[in-house]
Amino acid sequence: MAYSNKVIDHYENPRNVGSFDQNAEDVGTGMVGAPACGDVMKLQIKVNAEGVIEDAKFKTYGCGSAIASSSLVTEMLKGKTLDQAMDIKNSHIADELALPPVKIHCSVLAEDAIRAAISDYRNKNGLEQGEYDACQ
Ligand code: FES
Ligand code: FES
């Protein structure tokens, strides 16, 4: 199976690897696992007073596509409001990275991680969870 150049680039030079203080008020943490393979992804967002994501970091214990997906997502998140971030779909990530069908679930993991991080931030700050139509 051939990986796209973009996957290889994000895998070899992952952007924004690391973590923020999980207890900080302005940080949301999403920790999710893929049932299909057991890979785990931790994604954190740092949100400013205007409700805009100003920074994002990740740690992923998983395959190359999961690492590339989370790296790409940290770039996509910066500058977005929480609602805009909720609109990022795994299909955007999979298209951007040209993931093959067997690797789609790796991008679903990244989508789940975004939602989990936003949900954690909103919980912590007493905000409503907002609308999300889960894809069945
Ligand atoms: Fe499972 Fe990639 S193979 S996250
Ligand atoms: Fe998950 Fe459609 S976004 S299956």
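No lab work stands behind these numbers, since they all come straight from the coordinates. Since the structure is predicted, the reported quantities are computational estimates derived from the model, not experimental observations. Methodologically, a virtual Cβ is constructed for each residue, glycine included, from the backbone with ideal geometry; neighbour enumeration extends over all protein chains shown.
Rg over Rh for the chain works out to 0.95, using Cα positions for both radii and the Kirkwood form for Rh. Which whole-number percent of Cα pairs in region 5-78 have a distance greater than 13 Å? That fraction is 63 percent. Here region 46-90 is scanned for amide nitrogen atoms under 15 Å from the site 7 Å beyond the Cα of LEU127 along Cα-to-Cβ, giving 46-56, 77-88. Set the Förster radius R0 to 35 Å, insert the Cβ-Cβ distance between ILE104 and ALA49 as r into 1/(1 + (r/R0)^6), and round the FRET efficiency to 0.05. About 0.45, to the nearest 0.05. Percent of Cα pairs in region 60-136 per distance bin of 10 Å, from zero to the largest separation: 18, 51, 26, 4.
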